[in-house]
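Below is one structure, written out as C-alpha cells, with a few remarks after it.
Computed from the coordinates by the stated procedures, all read-outs in this text should not be read as laboratory data. Computed from a prediction, not measured in an experiment: that's the story for all the values here. Every residue, glycine among them, receives a Cβ derived from its backbone with ideal geometry; neighbour counts consider all protein chains shown.
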Amino acid sequence: MSIIFQIALAVPVKDTIKIVNSDQIIQSTPDRRNLWAAQTPQRFDVPLLKQCHHHGRELGWAVTDDAALFEKCDFPVQIVPGEETNLKITTPVDLAIAQFILQQRATPPA
C-alpha cells in the first residue's frame, strides 16, 4: 500500500507575528521558527479532497485553503519549500511587485 501525501508549498515566515485580542492588544508572539506562509499550488488526492469539502460544508466550516480543510479533517499535510517570488496577488501592491519581478526576469543581464 502506498502512502499518498497531501502537499502544500510554503515559505518560512520572516515577520514577527503578533496574536491580538478584539481590542488589538497583543496577547502573544508565536515562535516564527514554526510558522510558514502557505502558497499555491497545493496537491491533494481528489476523492479525499471532495470528501473533506462535503464534510466541511455539512459542518459549516470556514477555511482559507484546502490545507486548513485537511487539518480540520485530521489528515496530515506536508509542507514543501516554495519560493519567495511565488506571490499571492490580492492587492494593487502585490500586482506591482509581481510586475516588477516579471520585468526583471525579462530584462537581459547587462
Practice problem: Working from Cα positions, state the angle (0 to 90°, nearest 10) between the long axis of helix 46-59 and the longest principal axis of the chain. | Solution: 70
Self-check item: Cα-Cα over 24 Å, subset of K50/K72; K18/K50; K14/K72
Solution: K18/K50; K14/K72
Exercise. Sum up the charges of everything whose Cβ sits under 15 Å from the Cβ of Q104, counting Lys and Arg as +1 and Asp and Glu as -1, but leave Q104 out.
Key: -1
Practice problem: Please name which of N21, Q39, C52 has its Cα lying farthest along the dipole of the range 6-106 towards the positive end, using unit charges on Cβ (Lys, Arg +1; Asp, Glu -1) and the Cα centre as origin. | Solution: Q39
Exercise. Treat each spin label as a single point 7 Å out from the Cα along the C-beta direction, and report the H53 to A98 distance in nm.
Key: 2.1
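Rounded if a/c is under 1.5, else prolate if a/b beats b/c, else oblate: with a ≥ b ≥ c from the C-alpha gyration tensor eigenvalues square-rooted, which is the range 28-69?
Note, shape of the range 28-69 comes out oblate.
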Quiz item: Amide H of W36: which non-local residues (sequence gap of 5 or more, or other chain) have their own amide H closer than 5 Å, using H built in the peptide plane?
Solution: V13
Exercise. Amide H neighbours of Q6 under 5 Å, at least 5 residues apart or on other chains, H built in the peptide plane: list them.
Key: Q78
Exercise. Just name one of I101, T90, Q78: the one whose Cα is farthest towards the positive end of the charge dipole of the chain (beta-carbon charges, Lys/Arg +1, Asp/Glu -1).
Key: I101
Quiz item: In degrees from 0 to 90, rounded to the nearest 10, what is the angle of the helix 92-106 Cα long axis to the longest principal axis of the chain?
Solution: 60
Quiz item: Which FRET efficiency value, to the nearest 0.05, do you get for I7 and W61 by plugging their Cβ-Cβ distance into 1/(1 + (r/R0)^6) with R0 = 25 Å?
Solution: 0.75
